[in-house]
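Below is one structure, written out as structure tokens; the observations come after it.
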């Protein structure tokens with residue numbers, strides 16, 4: 001969530017930065033305003049879009065790809081930052097975890113995707129992280 005804009009002197013030049021508060025982990029990041037498009041800053045998805053993404057995530061077909069290909073594809077989806085793609089990663093890895101378990105790398109990827117989606121739900125629905133976590137657990141199954 002963008003809290004505001006600050007000016008900072010960096011190497012003798014004054015630049016403006018978005019002050020971004022990360023909901024989960026209560027961290028703060030500074031993103032240069034001039035490079036915000038490249039940083040993937042976007043509006044929070046509305047609740048209806050999140051719910052559609054979660055419904056679609058439940059129906060994601062299991063990938064027949066090997067570990068490396070699957071890991072790269074899921075990692076690319078997370079970097080894209082699109083709520084539909086992140087929900088797809090959460091859904092597919094949750095299904096795989098229930099059926100076969102996850103490798104250490106996929107477990108980290110799943111946790112990262114979960115945190116991203118959790119933050120989206122917290123901001124969109126304006127609910128506490130623990131309620132968003134319960135909502136996601138119910139939605140993903």
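The values are calculated or read from the model by the stated rules, or taken from the named source; none is laboratory data. Keep in mind the model is a prediction, meaning the values are calculated, not measured. Here the Cβ positions follow ideal geometry from the backbone for every residue, glycine too, while neighbour counts run over all protein chains shown.
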In region 27-69, which residues are modelled with pLDDT of 85 or more, exposed (fewer than 13 other Cβ atoms within 10 Å of the Cβ), part of a helix (DSSP H, G or I) and not assigned by TED's automatic domain parsing to the domain that holds residue 83?
34, 35
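Give the residue that is nearest to residue 119 (Cα to Cα), with candidates limited to residues of region 1-27 that are out of contact with any helix residue (DSSP H, G or I) (no Cβ under 8 Å at 6 or more places or on another chain) and touching a residue at least 12 places away in the same chain (Cβ under 8 Å). Explain how you work it out, then say what you get.
At the first step, the residues of region 1-27 found to be out of contact with any helix residue (DSSP H, G or I) (no Cβ under 8 Å at 6 or more places or on another chain) are 2-4, 6-14, 19-21, 26-27.
Among the residues that remain, those that are also touching a residue at least 12 places away in the same chain (Cβ under 8 Å) are: 2-4, 6, 8, 19-21.
Working: 2: 13, 3: 15, 4: 18, 6: 23, 8: 27, 19: 16, 20: 13, 21: 10 Å.
That would be 21.
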